[in-house]
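The values are calculated or read from the model by the stated rules, or taken from the named source; none is laboratory data. What you are looking at is a predicted structure, and each value in this text was computed from that prediction instead of being measured. Neighbour counts run over all protein chains shown; Cβ positions are idealised from the backbone, glycine included. When the accessible area is computed, the model is the full protein with side chains, heavy atoms only, and any ligands, DNA or RNA have been set aside. Shrake-Rupley method; radii C 1.70, N 1.55, O 1.52, S 1.80 Å.
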Amino acid sequence: MIHDAHTHTLHSDGLGEVFENIAEAERKGLSLVAITDHSHYLLRGNFNAYLSEIRRWGEDSEITVLAGIEGNITPNGVDVPDWMAKKLDFVIASVHEWVDRPEQYVELVRVALLDENVDVIGHFGASFPYIGYPPWEDLLELITLAEENGKAFEISSRYRVPDLEFVRECIRRGVKLTFASDAHRPEKVGNVGWSVSIFKKAGGKLEDLLFEEFL
């Protein structure tokens, strides 16, 4: 069941090679690891090299290795084009730009939940301690959108979000979840203890995870 669906490498702002992330995941006994570098680095022309490197090392690995990407949610949409999404195993969409109010953050996530290319919402709520928390009704609306559109939320050990009540509601609604270290160094890959803890406290089971068939 233990997996890490959000890691970075030298292909964006990470500090390790693809094979180093995979090796660390193997060493820690993970069932699955995903390489999910930032889209704005890969749009500059090195996407094919990125993808081929992940596939090459994945073929030699004893665990499941997925090729993903972390897109940026902007007011104009998620910056992962159709041609890129079609070649990947999955797409994470995250809010990275600064917003001043929680309703702005919620609106950005709503945009991503309606994007056909998006599979997972990354580190949802990481900005809330700084900009304020939206009302529970707004959060329920996003969970409903995720349920209706087949989207998942990651449980981020790096940011320790979303909270227990949100995770529990996702499980109740059948919204899938992933574990995520958001590692930017190879040694951090697989550090998903907080994700696992919250998931278990919320009553999560294997069938509540997005990549169940690989776990």
Percent of alpha carbon pairs in the stretch 96-215 separated by more than 25 Å? 18
Excluding ligands, DNA and RNA, the carbon-plus-sulfur percentage of the accessible area of the chain with a 1.4 Å probe reads 48
Fluctuation leader among A85, A112, A152 - the chain, Gaussian network, Cα springs under 10 angstrom: A85
How much of the DSSP beta bridge set in the chain is antiparallel, as a percent to the nearest 5? 10
Any idea what the alpha-carbon Rg over 2.2 N^0.38 Å comes to for the stretch 30-170? 1.08
For T74 paired with S197, estimate the spin-label separation in nm (one decimal), with each label point 7 Å from Cα along the Cα-to-Cβ line. 3.8
Surface per residue (accessible, 1.4 Å probe) for the chain, Å²: 44
Extension gain from R27 to Y130, taking 0.36 nm per residue of separation minus the Cα-Cα distance: 33.5 nm
Restricting to DSSP H runs of at least four residues, report the calculated mean residue ellipticity at 222 nm for the chain, -39500 (n - 2.57) per run over all residues, nearest 500 deg cm²/dmol. -10500 deg cm²/dmol
Over the Cα atoms of the stretch 1-80 the radius of gyration and the largest Cα-Cα distance (Dmax), both in Å, equal 12.7, 41
Distance cut-off 25 Å, Cα to Cα: go down the list K28/K151; K28/K86; K151/K201; K86/K176; K87/K205; K86/K200 and report the pairs above it. K28/K151; K28/K86; K87/K205; K86/K200
Rg/Rh for the stretch 91-137, where both radii come from Cα atoms and Rh is the Kirkwood radius: 0.96
Calculate, in nm to one decimal, what D13 and D82 gain on full extension: separation in residues at 0.36 nm each, minus their alpha carbon distance. 22.5 nm
Three principal axis lengths of the stretch 128-194 [C-alpha, angstrom, descending]: 38, 28, 17
Listed residues E97, E147, E24, most fluctuating in the chain (Gaussian network, C-alpha, under 10 Å): E97
Solvent exposure, largest accessible area first (probe 1.4 Å, DNA, RNA and ligands not counted), of L206, L113, L145: L206, L145, L113
Let me know the charge dipole size of the chain about its Cα centre in debye, to the nearest 20, where only the beta-carbon of Lys, Arg (+1) and Asp, Glu (-1) is charged. 400
